[in-house]
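Working notes, structure below.
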Amino acid sequence: MILELDPRIDWTPERIQSIRVRTASGSLVPICAFGRVERTAGPLTVNQLGQLPAVTISYNLPQGVALGDTVTRIDALKQQIGMPPTISTTFAGTAKTFQDSLANQGFLIGGAILTIYIVLGILYESFVHPLTILTGLPSAVVGALLALMLAGMDVSIIAIIGMLMLIGIVKKNGIMMVDVALNLRREGMAPDEAIHRACLMRFRPIMMTTLAALMGTLPIALGAGASAELRQPLGVAVVGGLLVSQVLTLFITPVIYVYMERLSDWLLRLAPSREPKPAA
């Protein structure tokens, strides 16, 4: 039962004594006979989020602590204190942006690699040689992650941007070699000899372009300039990826090219012949 006082009457705690309630026998009994007024401290306002009572807890990051570590730590604390399942928690602000970016990083990198594969497949009219060109990407990613680990940096959004830059920079090494090798193959040269000749012809352009990109990102990796700490993970990722991929790509890509050529020839032999049968 909800009782409401006439809003035209000024409310005071003492006025409750003048309010009477009719009992089952029909007599009037004052509310103060079975009720009382208690004064307690309470919030002036109740914040809500999606029609549910909500409380916002803000925190700052100590020096040298990454945002990703705090998100993981808060999730562990919720399990440690045994938070009831009826209480739901969500991150907001920078922490929510960080979580959303992590959820989309895999799709972003996968979409970039798939787009490059499709473009290269259309360019070379082949399903296998785009894979030959993309074989340099794992070494670039490993180099970027090792550089970030040695520098004590996290895989932040800026570092992911650096890895996306590596995809474009590193794949040009494979393109320069495979493109020449395919032209030599059309002239009748064997796969081993064609890729060896392509490596000799494209060694200087590959080194020049890689060193130009390396020297361009080295000041960013060293953290020179105002607000350099924001851009530094990008430079560290690019420099580390270029150093490792440059060493491995020149040795791995030719070997994979030869095996891909053998795979392509084997698939062509398995494909049914399209030549028309002679008329009887």
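The values are calculated or read from the model by the stated rules, or taken from the named source; none is laboratory data. These numbers were taken from a predicted model, which means no experiment stands behind them. We place every Cβ from the backbone using ideal geometry, glycine too, and count neighbours over all the protein chains shown.
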*Give the number of residues within region 152-192 that are crowded, with 16+ Cβ neighbours inside 10 Å, at pLDDT below 85 and not in a helix (DSSP H, G or I).*
3
*Hey, can you tell me all the residues within region 27-55 that are among the polar types (S, T, N, Q) and either surrounded by 10 or more Cβ atoms within 10 Å (Cβ to Cβ) or closer than 25 Å to residue 73 by Cβ (or both)?*
47
_Looking only at region 89-123, filter to residues that are of a type in the set (S, T, N, Q), at pLDDT below 85 and farther than 21 Å from residue 76 by Cα; which one of those is surrounded by the most Cβ atoms within 10 Å (Cβ to Cβ)?_
105
*Pick from region 44-74, criterion modelled with pLDDT of 80 or more and not in a loop (DSSP other than H, G, I, E, B), ranking: farthest from residue 154 (Cα to Cα)*: 53
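Go through region 226-263 residue by residue and tally those that are charged (D, E, K, R), surrounded by fewer than 17 Cβ atoms within 10 Å (Cβ to Cβ) and within 25 Å of residue 203 (Cβ to Cβ).
1
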*So which residues in region 122-174 are touching a Lys or Arg at 6+ places or on another chain (Cβ under 9 Å) and β-branched (Val, Ile, Thr), if there are any at all?*
133, 158
_Every residue in region 56-85 that is surrounded by 10 or more Cβ atoms within 10 Å (Cβ to Cβ) and either under 30 Å from residue 15 (Cβ atoms) or more than 25 Å from the chain's Cα centre (by Cα) (or both), please._
83
*Only one of (1) at pLDDT below 85; (2) in a helix (DSSP H, G or I) fails for residue 126. Which number is that?*
(2)
*Among the residues of region 233-280, count how many are at pLDDT 85 or above and farther than 30 Å from residue 184 by Cβ.*
8
